[in-house]
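Everything below concerns the one structure shown next.
The values are calculated or read from the model by the stated rules, or taken from the named source; none is laboratory data. Owing to the predicted nature of the structure, the values given are computational and were not obtained by experimental measurement. Note that each Cβ is placed from the backbone with ideal geometry, even for glycine, and that neighbours are counted across all protein chains shown.
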């Protein structure tokens, strides 16, 4: 379900590194060449290019990209070029900083990555920041937000398909009871959504829907929309249940916004292109009656537009 | 600091497997032979013996040990033969079962393993129980105990030596303030002890001692000794600060107890022999004016005694 288009015959990484070095030279940077290479290589290939670049020129490709590029194009190229684990670590770190603080980015990372990928992000965090990821998240959050985010970001969920139907019924009833009481920060709600496997949660949410008359998301929508914690809880459940719907909505709101929210648009494209962007594109088309390609093309421009479109699979490799 | 004695020349694992098979044959089991082999092989060597046993006889060494041995000797041999990660997963699982429930075992595992080892236990838990470790711990605990145990058991602490002294001062003051208010379950206490690196915590506890007149442990002891949560919190801090002192105390109480607490004795010996048993022995001698070898020899007997003594390094390999 990756939207990435990799050429049938991929050049040697040293050759790619050399082309990138050339793209930086002379008057003005050759952005098209950068896109042509980096937007059409998978994570393992990009890693080899970085290694080859360092070996051939004794320089860090990321630093050179950082100094040669600017603005939104710079951000999408840098995020994309990082390995998925480094990128997640970077995004979460950024989300704990005052000016870029975002409980949403922390929640999204926690709930939409595989257990192994989330753990690799925690390892990458140690390596880069000399601290633990949960240490920074806990320090920079408080109250109900911390209570929800810490178990989500430290989870190592079981990923098998096994489902315990008795437990699903029992926990659907607990969720329904707490939600009816508007006890959204209840520790049992947090325990269930932060520890159960996604397969188990799916059974629990199905039972909720079948026996309590509404989808759990709808019951959580009923309440005050100004409650930031409630919105975050609802989004976490959406991420665990149907991540493509969650990401479709983030993209829709980012694009609809006056002036476009490049921060969200860049993050979603860079983190999902190699994962489930095809499903997100389907969902986007279904929900908005316009393809994501066209929506992005209408709202962005220049190299930034070209890079985003390449990553979501527009055109050829 | 391992107390394990491995012979200078270790036999081929197939030979060890064959000897073990022989030990199970005929009238009565040859317990001495089992001890002679298993109590003198490190984790990697025991793994090879299990693999060789399975390859040679199509049987699981652990199952054969389980059916051939009994009582306390059986438990120590089985726990010891497991890999450290499987053993930790097994102990935590047991600690979530009604009849063997123990918040202490969960806390001890969370606070005395390295970050990697704790994570490997979580991986082993997936493999063996088809669930996540934190899922079972969260389900079988509640209230303040859950609030403390979940962040401890899901932590992936940074393990570098870097210390932020400003932060240490700040957090020592937070700890002192909360402890003075007897707010032992305060979320800031839990955040600090469950997320900071052991090096950082050490600096924080030193500052606490230097600027607030007492060791943090002493301030926590001042209060009611019937508060089980407070005792667990104090033990967690002891585990993070000076694990050898924590284990010395567990052993001392286990041995002093009328009839000896084999459950604790077995667990501590099986889990620490290959890690820091030499330091625990020193601490035990210092605190009790008798060596751990002599104390164990006086309080246990038979094959169980022999196995424990072999694991703590008594006699030759």
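Is it fair to say residue A:305 is touching a helix residue (DSSP H, G or I) at 6+ places or on another chain (Cβ under 9 Å), outside the structural domain of residue A:89 (by TED's automatic domain parsing), assigned to a helix (DSSP H, G or I) and buried (at least 21 other Cβ atoms within 10 Å of the Cβ)? Taking the combined requirement at face value, the residue does not satisfy it. Any residue in the range B:131-142 that is within 17 Å of residue B:197 (Cα to Cα) and within 11 Å of chain A (Cβ to nearest Cβ)? No.
Results for (1) more than 10 Å from chain B (Cβ to nearest Cβ); (2) at pLDDT 95 or above; (3) outside any helix (DSSP H, G or I); (4) out of contact with any helix residue (DSSP H, G or I) (no Cβ under 7 Å at 6 or more places or on another chain), shown as yes or no for each residue.
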site: A:151; (1), (2), (3), (4): no, yes, no, no
site: A:157; (1), (2), (3), (4): no, yes, yes, no
site: A:168; (1), (2), (3), (4): yes, yes, no, no
site: A:201; (1), (2), (3), (4): yes, yes, no, no
site: A:207; (1), (2), (3), (4): yes, yes, no, no
site: A:233; (1), (2), (3), (4): yes, yes, no, no
site: A:238; (1), (2), (3), (4): yes, yes, no, no
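Of the residues screened, residue B:127 is not one that is assigned to a loop (DSSP other than H, G, I, E, B), surrounded by fewer than 17 Cβ atoms within 10 Å (Cβ to Cβ), touching a helix residue (DSSP H, G or I) at 6+ places or on another chain (Cβ under 9 Å) and more than 9 Å from chain A (Cβ to nearest Cβ). Against the numbered list (1) touching a residue at least 12 places away in the same chain (Cβ under 8 Å); (2) under 20 Å from the mean Cα position of the chain (by Cα); (3) farther than 30 Å from residue B:200 by Cβ, residue B:66 comes up short only at (2).
Among the residues examined, residue A:86 does not qualify as in a helix (DSSP H, G or I), at pLDDT 95 or above, under 23 Å from residue B:159 (Cα atoms) and within 14 Å of chain B (Cβ to nearest Cβ). Only a single criterion out of (1) on the phi < 0 side of the Ramachandran plot; (2) surrounded by fewer than 18 Cβ atoms within 10 Å (Cβ to Cβ) is not satisfied by residue B:234, namely (2).
Take the conditions over 22 Å from residue B:202 (Cα atoms) and surrounded by 19 or more Cβ atoms within 10 Å (Cβ to Cβ) and apply them to residue B:57. Does it pass? Spelling it out, it is not the case that residue B:57 is over 22 Å from residue B:202 (Cα atoms) and surrounded by 19 or more Cβ atoms within 10 Å (Cβ to Cβ).
Given the criteria under 20 Å from residue B:103 (Cβ atoms), touching a residue at least 60 places away in the same chain (Cβ under 8 Å) and buried (at least 16 other Cβ atoms within 10 Å of the Cβ), does residue B:220 qualify? Here the answer is no, as residue B:220 does not meet what is asked.
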